[in-house]
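Before any comments, here is the structure.
Read the figures in this text as sums done on the coordinates, not as results from a lab. What you see is a predicted model; the values in this text were computed from it and never measured. We place every Cβ from the backbone using ideal geometry, glycine too, and count neighbours over all the protein chains shown.
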Amino acid sequence: MSERKKVLIVDDDPDFVEGIKAILDTEYDTEVTYNPKDGWEALKRGGHDLLCLDIMMGRGAEGVMMARKIRKDPVLREMPVLIITSLREQIAFLFPGQAVHPGFVPVDELVEKPVDPDLLLEKAATMIAAAEARRAAK
Amino acid sequence: MTGTGRRLLLIDDEEVVLDSCRAILEGSDHEVVAAGGGVEGLEQVRAFGPDLVFVDLKMPGMPGMEVLEAIRALDPTIVCIVFTGFATITSAVEAMQRGARDFLPKPFTPDEFRSMIRRGLEWRDLVVEAAALRREREALRENFAAIVSHELRSPLGAIQQNLFVLLKELAGVVSEDQQRRLERMSSRLGDLLALVNRWLRGFSVDFAGLKESFRAVSVAVPVAKAVESAQAEAVRKAVTIEAEADPEATVLGDEGTLTEAFLNVIGNAVKYSREGGRVQVSAVRRDEKVVVSVTDTGVGIPEADLSRLFDAFYRGQAATSGVGGAGIGLAVTRRIVESHGGTITVASDPGRGSTFVIALPALSTPAAGSEGAPPDQVSKGEAG
């Protein structure tokens, strides 16, 4: 049996984090940061297999800035990113041309808050497996 | 007081009137410009940007009434006062109906002129302030989505997320009755979240601003996407959706919102269909229009409800029929369609079904690559 995979959660709402952490804890080692700055430091330390990122943190789209930084990083850009979003971003999704839009990190998927536990686990597993397959193919 | 440094424009063909007005205002802080006729006066309205304009009603050339209307069209916050002779008091009344704030009968004393200026400028301040408040209210409305999104949705989402987990963790631990109550809580909370989402949608989106991202769209694309999204519910109800779209039928628009508009109508058709029913969707080019029609064999709409169907929050008989909804979908749909310069109409045969028809102005050339896209907005949206 291989070691448990590591998931980093970056979200500024502690109550929401508890809700998804409890789900992810059943299958993964989870680490939580509550702001993009700490999140970025954690990412730089490395060792994560998946990032769950809230894109609307703090005063606005701080998560988007973080996602942009990830995209520019030669190592981190290989890591799968699961975007967790509330309605506002969904609207942006419907209205291209606005600042917030999925597709700003190379590997990402999008789920809406609140997220169904089974869907969350399924997405996480699929994304981690796909990233491993990509690495193996290189 | 805001009386200092204001801009006054005098429009009168009588040189003596202009001269005496200027003489009265000598030494005041006001900047004064005079024009000898209507056409010149309007040029000054544009160039000088006055706070207050005095217009003589009886001038050769462009009549004072027309000048008034033109000023109002240029900037309704500019305050206009008319000069009148005693003989034209009835026309002064007409002038006020056409937007003049007040009238000053000739001849007038310097004090009368000065107090008219003071009152006119006070009115101007009120009008400008009211316009600023209106803009602020508008901005507030637009920010409503952001505010509610964070202040209302976030806590609801966090509660729901934890209920999801509790339901999983407590399965088999709590009694069946407790489990059922937890499920009800989660279900009611889900309804509340969905309702908040729909309201946000109805209030917050700036449909007029959409035009900036308009490009050539083959309606077959949003129609197909909408049909696909409606399919899940259709399968559940054993409703068949038959769709046919002419790929050459092209409009200038926004694909995302058009998809949403079509989805609202197709989704409604499925929602109000009986089990085993059929929904037909067609998109064709008809003369200068692209016509998308959605026909169902469902319950139909009572005639009394038809006229208010596209009003926000109106649910007609659906309100008591047990079919869920917030009365937002069709109102949003109409706003989307109208922002595309189109129309939406409905015909219904109660008990036998309804047909919704969305007609959009057709684009003569079919969509070809990025042609017709604004240069600065190459379609990043299609990558996702």
Full-extension gain in nm, B:Ala23 to B:Leu74, via 0.36 nm per residue minus C-alpha separation:
15.5 nm
Rounded to the nearest Å, the spacing of the alpha-carbon centers of region B:249-266 and region B:22-52 is 50
Once Lys and Arg are counted +1 and Asp and Glu -1 for all other residues with Cβ under 14 Å from that of A:Lys72, the total becomes +3
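Average partner chain C-beta neighbours within 10 Å, per residue of B:60-68?
Working: counts 0, 0, 0, 0, 0, 0, 0, 0, 0.
The mean count of partner-chain Cβ atoms within 10 Å per residue comes to 0.
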Suppose each label sits 7 Å from its Cα in the direction of the beta carbon; what would the B:Glu94-A:Val75 distance come out to in nanometres?
8.4
Any residue on another chain or 5+ positions along whose placed amide H is under 5 Å from the amide H of B:Phe54 is listed here as B:Leu9, B:Leu10, B:Ile11, B:Ile81
In a shell of Cβ-Cβ distance under 13 Å around B:Ser175, excluding B:Ser175 itself, what net charge do Lys and Arg (+1) and Asp and Glu (-1) give?
-1
How would you rank B:23-32, B:328-337, B:264-273, highest first, on the average number of other Cβ atoms within 10 Å across their residues?
B:264-273, B:328-337, B:23-32
So how do B:349-357, B:177-185 stack up, highest first, on mean other-Cβ count within 10 Å?
B:349-357, B:177-185
Other residues with Cβ under 15 Å from the Cβ of B:Gln97 give, with Lys and Arg +1 and Asp and Glu -1, a net charge of -1
Within 10 Å of each Cβ in A:113-123, how many Cβ atoms from other chains are there, averaged over the peptide?
4
In whole angstrom, the spacing between the Cα centers of region A:111-135 and region B:56-110 equals 71
Highest-first arrangement of A:126-136, B:286-296, where packing means the average Cβ count within 10 Å
B:286-296, A:126-136
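Expressed as a rounded percentage, what relative contact order does region B:1-108 have, with Cα pairs under 8 Å and six or more residues apart?
24
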Averaged across A:9-18, how many Cβ atoms of other chains sit within 10 Å of each residue's Cβ atom?
3
